[in-house]
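Here is the structure we will look at.
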Amino acid sequence: MTQQAIKKRKRGDFIRRSLGEKTFDVLNILLMLALVCFFLFPILNMLSISLSNEYAVLRGDVTFYPMGINLQAYEQIFSHSTLWQGIMNSILVAGVGCVLSIISLSVAAYPLAFGDFYGKKLYNVLILITMWFNGGIIPTFLTMSRLGLHNTHWALIFNTMITAYYVVIVRSYFESLPSSIVESARIDGANDFRILFQLIIPLSKPVLATVSLWVIVGHWNDYLNALLFIADRSKYTLQLVLKEMVLNAESSVYAISMSGGTDTVGAAALGQQVRNAVLVVSMIPMVILYPFVQRYFITGVTLGAVKG
């Protein structure tokens, strides 16, 4: 900064903003605050219901803060015998699925970005066509059964290992890298696998971290595929275990109401508390994971955006 600029800064001689720019800033801040409230209220309401007193829950008085602390729902969830097994199964599926997905997506996107071969357009079409058409639930189930993957975690991993949209995102990021890097490596005698794993993937950490987050969240929240392919309770993922807890809580409410028990109020509130506590428990790991990839998230989405 020059001496003249320093003197102007000390005198307070700054560029004046117009009334329209100031008005836009105010409106923009108000809009962002409204969106923050809009997105935070359901989360706070869910957390508050799971922690509130049963009478406040039944009266519908709970908004965005708990009214009386009642940890009965969390005690019931964490005392469930299969909860921790479900968490470990979900971690296994999400971790292995993420690693295999990143490798597969990189291998699929590399020839689209740097390859020059006969049939490249057909290869691109075959990938993109899966964005609009799929085999359906029954053919997918029959395929997994005939491959011997039914009632295994591999069915959950392989079924969503490669997604066309993620291939397009990774390919677009690869194309933003200088092509001279690949050309120089080929001149030096490196083959495509060495170029991909030693040059391209290390330079693509932002987009790969972003896609990794999407893949992990997809596996963590996957309920339909787990319900379809997993039959053994010891192999249940977290979503199946949590759904089982909700059904057990609701069936307990029904049983007490039919028997004319005296604890109808507490049981009726417990059903709502368990439903909301289940959502909180399933959300916590992703909330913990997000800060570690946040710095890559915006960069990966912007630089890996689909080019026109």
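Read the figures in this text as sums done on the coordinates, not as results from a lab. All values reported here derive from a predicted model rather than from experimental measurement. Here the Cβ is made from the backbone with ideal geometry for all residues, glycine too, and neighbour counts use every protein chain on show.
Taking θ = phi - 60°, what integer Hz values does the Karplus form 6.51 cos²θ - 1.76 cosθ + 1.60 yield along the range 105-114, in sequence order, with x for Gly and Pro?
Working through the residues one at a time gives 5, 5, 5, 6, 7, 4, x, 5, 8, 10 Hz.
Which loop chymotrypsin sites (Phe, Trp or Tyr not before Pro) in the range 82-126, with loop taken from DSSP, have no more than 11 other Cβ atoms within 10 angstrom of their Cβ?
Answer in residue order: Phe117, Tyr118.
³J(HN,Hα) across the range 189-201 via Karplus (A = 6.51, B = -1.76, C = 1.60, θ = phi - 60°), whole Hz, x for Gly/Pro?
These are the phi-based 3J(HN,Hα) values: x, 6, 8, 5, 5, 5, 4, 5, 7, 9, 10, 5, 4 Hz.
Whole Å is fine, so just give me how far the alpha carbon centre of the range 12-69 lies from that of the range 86-152.
Spelled out, the Cα-based centre of one part sits 39 Å from the other.
Using a 10 Å cut-off on Cβ atoms, rank the peptides 182-194, 28-40 from the highest mean neighbour count down.
Details: 182-194: 12.7, 28-40: 10.0.
For the peptides 182-194, 28-40, the packing ranking is 182-194, 28-40.
Provide the per-residue ³J(HN,Hα) series for the range 72-82, in order, calculated from phi with Karplus coefficients 6.51, -1.76, 1.60 and θ = phi - 60°, each as a whole number of Hz, with x at glycine and proline positions.
Couplings: 4, 5, 5, 4, 5, 5, 6, 8, 5, 5, 9 Hz.
Going by average Cβ neighbours within 10 Å, how do the peptides 208-215, 126-133, 281-288 rank, with the highest at the top?
208-215, 281-288, 126-133
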